[in-house]
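Reviewing the structure listed below.
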Amino acid sequence: MKDLISGLNKAFESRIRLGIMSVLMVNETIDFNTLKDMLNVSDGNLASHISALEKISYIKVTKQFIGKKTNTSYAVSPIGKKAFQEHLDALEKLIKGND
Amino acid sequence: MTQEQRDHLQDLSEIRNLMQRSSRFISLSGLSGISVGICALIGAAVAYWFVDGNVNEYYVAGQLFSRGGANYPLLTFIAIDGALILFSAIAFGIFFTTRKARKDGLKVWDLSSQRLLINLAIPLVAGGLLCLIMLYHGTIGYVPPMTLLFYGMALINASKYTLNDIRYLGLLEILLGLLSAVFLGYGFYFWVLGFGILHIVYGTVMYFKYER
């Protein structure tokens, strides 16, 4: 998944995925609507990026019932945290690099 | 800097922005602080005038509950003055902060503001209840120090969920609270300092730091 030359993670190529990870890094858990408001994206768009991140186990999804409504909350997994940190390091290195 | 590097830089600044915006309530306006302080000063001035400058809390308490029964005009006045200060301070505080959030295109009522309020409320409610209990036991003198101490601790607790500057305001309130516990009987003046002057100074500093 990682680009060997730059160290950048292909999973984070989309701005929305970067955004999801940023929010999850500083919040223990967060629900769908809060995430949607924060990132200013449509339901479908957010859902597809979330499932992509879930598929590679970067985020954990918890579904629970509050009354009759389902409430889905998201949290970052340890692998996801590590991957995101490495991605940030790579970004930083690229910016500092040859300018 | 290449175009690619500019993109990366843009990514990083967006990440930082989202991290801060999603974990802290950053729309708190300095003008809110100033208006809260002014409300407190006006309320204090009216109270000072009403009791002819006899603002020593032991004297006031003695006036309130003398052997002849409760002094209802004074009791009513204190209740109304207190309620007016509280409501006007909250109203102005909300007004200026809502205005700032709108200007920045942010929401006022979201996860971050809810977290801020809950964490502010926990020590504040505990302190408020303790003050009521102390009034019940008749230990009037320690009520002003406790209000300042618990308010300071509430601010320090809340500072993790908003602009970190609130922390220093909290520390100063705690310091004032401790000082007022040394100088019992001067609670009124410590209130004026802690809830009036400090809010105005702090709000002004915040206004020039973040909103100019």
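With the range B:1-104 as the region, which helices (runs of 4 or more DSSP H) entirely inside it contain at least 2 residues that are under 21 Å from the mean Cα position of the chain (by Cα)? Don't jump to the end; show me each part of the working.
Numbers: elements: B:3-23, B:30-50, B:57-64, B:72-104.
Here the list reads B:30-50, B:72-104.
What are the pairs with Cβ atoms under 7 angstrom where one residue, in the range B:130-142, is touching a residue at least 12 places away in the same chain (Cβ under 8 Å) and the other, located anywhere, is crowded, with 16+ Cβ neighbours inside 10 Å and of a type in the set (D, E, K, R)? Sequence gap at least six, or different chains.
Between residues of the range B:130-142 that are touching a residue at least 12 places away in the same chain (Cβ under 8 Å) and residues that are crowded, with 16+ Cβ neighbours inside 10 Å and of a type in the set (D, E, K, R), the close pairs are B:Ile140/B:Glu57; B:Gly141/B:Glu57.
Mind counting the residues in the range A:66-82 that are hydrophobic (A, V, I, L, M, F, W, C) and within 14 Å of chain B (Cβ to nearest Cβ)?
Kept after step one, since they are hydrophobic (A, V, I, L, M, F, W, C), are these residues of the range A:66-82: A:66, A:75-76, A:79.
When the remaining residues are screened for being within 14 Å of chain B (Cβ to nearest Cβ), the result is A:75-76.
Residues that pass the stated criteria total 2.
Please indicate, with yes or no, whether at least one residue in the range A:17-31 is farther than 20 Å from B:Arg16 by Cβ and small (Gly, Ala, Ser).
Residues of the range A:17-31 that are farther than 20 Å from B:Arg16 by Cβ, as a first pass: A:29, A:31.
Filter again for small (Gly, Ala, Ser), leaving none.
There is no residue in the range A:17-31 that is farther than 20 Å from B:Arg16 by Cβ and small (Gly, Ala, Ser).
Going through B:Leu84, B:Leu75 one at a time, which residue ends up being surrounded by 12 or more Cβ atoms within 10 Å (Cβ to Cβ), free of Cβ contacts under 8 Å to residues at least 60 places away in the same chain and under 22 Å from B:Gly185 (Cα atoms)? Break it down into steps so the answer makes sense when it comes.
Working: B:Leu84 fails: under 22 Å from B:Gly185 (Cα atoms).
Of B:Leu84, B:Leu75, the one residue that is surrounded by 12 or more Cβ atoms within 10 Å (Cβ to Cβ), free of Cβ contacts under 8 Å to residues at least 60 places away in the same chain and under 22 Å from B:Gly185 (Cα atoms) is B:Leu75.
Yes or no: the range B:78-90 includes at least one residue that is modelled with pLDDT of 95 or more, closer than 26 Å to A:Asp37 by Cβ and more than 13 Å from every other protein chain (Cβ to nearest Cβ).
Yes.
So A:Asp89 ticks every box in (1) loosely packed, with under 15 Cβ neighbours inside 10 Å; (2) at pLDDT below 90 but one. Which box is left unticked?
(2)
Could you check the range A:1-65 for helices (runs of 4 or more DSSP H) lying wholly inside it with 1 or more residues that are within 30 Å of A:Gly97 (Cα to Cα) and within 11 Å of another protein chain (Cβ to nearest Cβ)?
Values: elements: A:15-26, A:32-39, A:43-55.
Where helices (runs of 4 or more DSSP H) fall fully within the range A:1-65 and carry at least 1 residues being within 30 Å of A:Gly97 (Cα to Cα) and within 11 Å of another protein chain (Cβ to nearest Cβ), they are A:15-26, A:32-39.
Can you name the residue in the range B:98-115 that is surrounded by 14 or more Cβ atoms within 10 Å (Cβ to Cβ), of a type outside the set (S, T, N, Q) and within 14 Å of chain A (Cβ to nearest Cβ) and is also nearest to B:Met153 (Cα to Cα) among such residues? First the steps, then the outcome.
Taking the range B:98-115 and keeping what is surrounded by 14 or more Cβ atoms within 10 Å (Cβ to Cβ), we get B:98-101, B:106-108, B:110-113, B:115.
The next check asks that each one be of a type outside the set (S, T, N, Q); those that pass are B:99-101, B:106-108, B:110-111, B:115.
Retained after the next criterion (residues that are within 14 Å of chain A (Cβ to nearest Cβ)): B:101, B:106-108, B:110-111, B:115.
On the way: B:Ala101: 26, B:Leu106: 27, B:Lys107: 26, B:Val108: 24, B:Asp110: 23, B:Leu111: 22, B:Arg115: 16 Å.
Checked the range B:98-115; the qualifying residue nearest to B:Met153 (Cα to Cα) is B:Arg115.
It is to be established whether one or more residues within the range B:147-161 are among the β-branched types (Val, Ile, Thr), touching a Cys at 6+ places or on another chain (Cβ under 9 Å) and farther than 20 Å from B:Asn119 by Cα.
The initial filter retains those residues of the range B:147-161 that are among the β-branched types (Val, Ile, Thr), namely B:147, B:156.
After this cut, where a residue has to be touching a Cys at 6+ places or on another chain (Cβ under 9 Å) as well, the list is B:147.
Restricting the remaining residues to those that are farther than 20 Å from B:Asn119 by Cα gives none.
No, every residue in the range B:147-161 fails to be among the β-branched types (Val, Ile, Thr), touching a Cys at 6+ places or on another chain (Cβ under 9 Å) and farther than 20 Å from B:Asn119 by Cα.
Taking the range B:1-57 as the region of interest, how many residues are among the β-branched types (Val, Ile, Thr), closer than 23 Å to B:Val205 by Cα and away from chain A (no Cβ under 14 Å)? Before you say what the answer is, go through the steps one by one.
Filtering the range B:1-57 for residues among the β-branched types (Val, Ile, Thr) gives B:2, B:15, B:26, B:34, B:36, B:38, B:42, B:46, B:51, B:55.
From what's left, closer than 23 Å to B:Val205 by Cα: B:26, B:34, B:36, B:38, B:42.
Subset that is away from chain A (no Cβ under 14 Å): B:34, B:36, B:38, B:42.
Here the count works out to 4.
Every residue, every condition in (1) free of Cβ contacts under 8 Å to residues at least 40 places away in the same chain; (2) charged (D, E, K, R); (3) within 24 Å of B:Gly138 (Cβ to Cβ); (4) surrounded by fewer than 12 Cβ atoms within 10 Å (Cβ to Cβ), yes or no:
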{"site": "B:Met1", "(1), (2), (3), (4)": "yes, no, no, yes"}
{"site": "B:Leu12", "(1), (2), (3), (4)": "yes, no, no, no"}
{"site": "B:Phe25", "(1), (2), (3), (4)": "no, no, no, no"}
{"site": "B:Ser32", "(1), (2), (3), (4)": "no, no, no, no"}
{"site": "B:Phe92", "(1), (2), (3), (4)": "no, no, no, no"}
{"site": "B:Phe96", "(1), (2), (3), (4)": "no, no, no, no"}
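Residues B:Gly185, B:Gly177, B:Gly127: which one is in contact (Cβ under 8 Å) with a residue 60 or more places away in the chain and under 22 Å from B:Val55 (Cβ atoms)? Spell out how you get there, then give the answer.
On the way: B:Gly177 fails: in contact (Cβ under 8 Å) with a residue 60 or more places away in the chain; B:Gly127 fails: in contact (Cβ under 8 Å) with a residue 60 or more places away in the chain.
The conditions single out B:Gly185.
Kindly check whether there is at least one residue in the range B:124-135 that is over 23 Å from B:Met153 (Cβ atoms) and not basic (Lys, Arg). Even if it seems obvious, please write down each step before you answer.
At the first step, the residues of the range B:124-135 found to be over 23 Å from B:Met153 (Cβ atoms) are none.
Looking through the range B:124-135, none of the residues is over 23 Å from B:Met153 (Cβ atoms) and not basic (Lys, Arg).
Answer yes or no as to whether A:Ser22 is surrounded by 19 or more Cβ atoms within 10 Å (Cβ to Cβ) and small (Gly, Ala, Ser).
Working: surrounded by 19 or more Cβ atoms within 10 Å (Cβ to Cβ): yes; small (Gly, Ala, Ser): yes.
Answer is yes for this residue.
The values are calculated or read from the model by the stated rules, or taken from the named source; none is laboratory data. The shown structure was predicted, so the numbers you read here are calculated from the model rather than taken from an experiment. Glycine also receives a Cβ, built like all others from the backbone with ideal geometry; neighbour counts cover every protein chain displayed.
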